[in-house]
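K.L.:
Let me begin by handing over the structure; questions about it come next.
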Amino acid sequence: PKFKCVEIAKNVRFVHRHNDMTPTFVLHAYIKGGVSFENELNNGIYNLISKNMTYGHSKAKYDELKQYLETHAAYLNGFSGKNAYGLTLHGLSKDFTDLSSHFMQTLKKPSFPAQYFKLEKELLNRSHHLQKEDPIKHCCKHFTKQIFNNHPYAMNLIGTEKSLPKLSRKLMVETHQKMIDSSELVI
């Protein structure tokens, strides 16, 4: 399949591949970040950003955005990993213009509402509890620690019980804005 790579702004590249088979599109935005950019104090911050960035943006509150996405059969979700974090949007090609506008607003100016930040932190606390009870998670954690030792890859993507309480909404907003302003972005 043919694809194009175009630099649309400084540090912003757009990679495009057309698919004639379906009248849909997928947008992915990858920003440098993730666990490799964390330390023991801020471990889990990129996961929190990815979980909170789709709760509305500067031009649409969460309920409005959610309703719009549902009525247009679209899916918007954040993600984070070891070296990057970002945003994914799936939608119908006929709605590309309006949906891509919401995508860019969500990416560049997420509202990060305090109520959802608190909820996501609570859900992560529950996840830590579940990880303690899961023998497979114990094995994976031990294995990862053995392989990566002091490298950031040895850290938990969702943070730890020690780091999570230290992660504030302010830190989340500042971290995301810093990465949007200074990091390379691939769409």
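The values are calculated or read from the model by the stated rules, or taken from the named source; none is laboratory data. These figures come from a predicted structure and were not determined experimentally. As a convention, Cβ positions derive from the backbone with ideal geometry for all residues, glycine included, and neighbour counts pool all protein chains shown. These accessible areas exclude ligands, DNA and RNA; they are computed on the full protein's heavy atoms, side chains included. Shrake-Rupley method; radii C 1.70, N 1.55, O 1.52, S 1.80 Å.
K.L.:
Would you please put 31-38, 99-106 in order of how densely packed they are, using the mean number of other Cβ atoms within 10 angstrom per residue and starting with the highest? If you can, show how the numbers build up before the last one.
P.N.:
On the way: 31-38: 21.0, 99-106: 19.2.
Order by mean packing, descending: 31-38, 99-106.
K.L.:
Counting Lys and Arg as +1 and Asp and Glu as -1, each charge on the Cβ, what is the dipole of the chain about the Cα centre in debye, to the nearest 20?
P.N.:
Working: 26 positive and 17 negative charges, 68 e Å.
In debye, rounded to 20, the chain gives about 320.
K.L.:
Roll a 1.4 Å probe over the protein chains and send me the accessible area per residue for the range 57-107 in Å². It would help to have the intermediate numbers written out before the result.
P.N.:
Details: 2680 Å² over 51 residues.
Normalised by residue count, the accessible surface of the range 57-107 is 53 Å².
K.L.:
May I pose another question? How large is the dipole of the range 1-74 about the Cα centre if only Lys and Arg carry +1 and Asp and Glu carry -1, each at its Cβ, rounded to the nearest 20 debye? It would help to have the intermediate numbers written out before the result.
P.N.:
Details: 10 positive and 7 negative charges, 67 e Å.
The dipole of the range 1-74 has a size of about 320 debye.
K.L.:
Determine the sum of side-chain charges near Ser93: Lys and Arg each +1, Asp and Glu each -1, restricted to other residues whose C-beta is under 14 angstrom from that of Ser93. Intermediate results must be reported in sequence, preceding the final value.
P.N.:
On the way: positive: Arg17, Lys94; negative: Asp20, Asp95, Asp98.
Spelling it out: positives minus negatives among the neighbours equals -1.
K.L.:
Calculate, for Glu133 and Ser36, the FRET efficiency according to 1/(1 + (r/R0)^6) with r their C-beta to C-beta distance and R0 35 Å; round to the nearest 0.05.
P.N.:
Values: r = 28 Å, r/R0 = 0.80.
About 0.80, to the nearest 0.05.
K.L.:
Along the charge dipole of the chain, which of Gly81, Gln67, Ser163 sits closest to the positive end, that is, farthest toward it, with unit charges on the beta carbon of Lys, Arg, Asp and Glu (+1, +1, -1, -1)?
P.N.:
Value: Ser163.
K.L.:
Please give the net charge around Tyr116, taking every other residue with its beta carbon less than 12 angstrom from that of Tyr116, where Lys and Arg add +1 and Asp and Glu add -1. Could you put the intermediate results ahead of the total?
P.N.:
Numbers: positive: Lys51, Lys61, Lys66, Lys118, Lys121, Arg169; negative: Asp63, Glu120, Glu122.
Once positives and negatives cancel, what remains is +3.
K.L.:
Counting only protein heavy atoms and using a 1.4 Å probe, what share of the accessible area of the chain belongs to carbon plus sulfur, as a whole percent?
P.N.:
On the way: 6540 of 11580 Å².
Carbon and sulfur together cover 56 percent of it.
K.L.:
Just grab the label-to-label distance for Leu123 and Asn150, each label 7 Å out from Cα along the Cβ direction, in nm (one decimal).
P.N.:
Modelled inter-label distance: 3.5 nm.
K.L.:
Just check the range 49-116 against the gyration tensor rule for me: Cα atoms, a ≥ b ≥ c as the square roots of the eigenvalues, rounded for a/c under 1.5, and otherwise prolate or oblate depending on whether a/b exceeds b/c. Write out the running numbers ahead of the final one.
P.N.:
Working: a/c = 1.89, a/b = 1.25, b/c = 1.51.
Cα axes put the range 49-116 in the oblate bin.
K.L.:
What value, in deg cm²/dmol to 500, does the helix sum -39500 (n - 2.57) over DSSP H runs of n ≥ 4 give at 222 nm once divided by the residues of the chain? Walk me through the numbers before you get to the answer.
P.N.:
Details: 6 runs with 79 residues, N = 187.
Only helices count here, giving -13500 deg cm²/dmol.
K.L.:
Now, a different point. Can you compute the modelled spin-label distance between His16 and Arg169, with each label point 7 Å from Cα toward Cβ, in nm?
P.N.:
Once both label points are built, they end up 3.8 nm from each other.
K.L.:
Work out the charge dipole of the chain with +1 on the Cβ of Lys and Arg and -1 on the Cβ of Asp and Glu about the Cα centre, then indicate which of Ser182, Leu92, His102 is farthest towards its positive end.
P.N.:
Ser182
K.L.:
Still on this structure, I have one more. If Lys and Arg each add +1 and Asp and Glu each add -1, what is the summed charge of the other residues whose beta carbon sits under 13 Å from the beta carbon of Ile45?
P.N.:
+2
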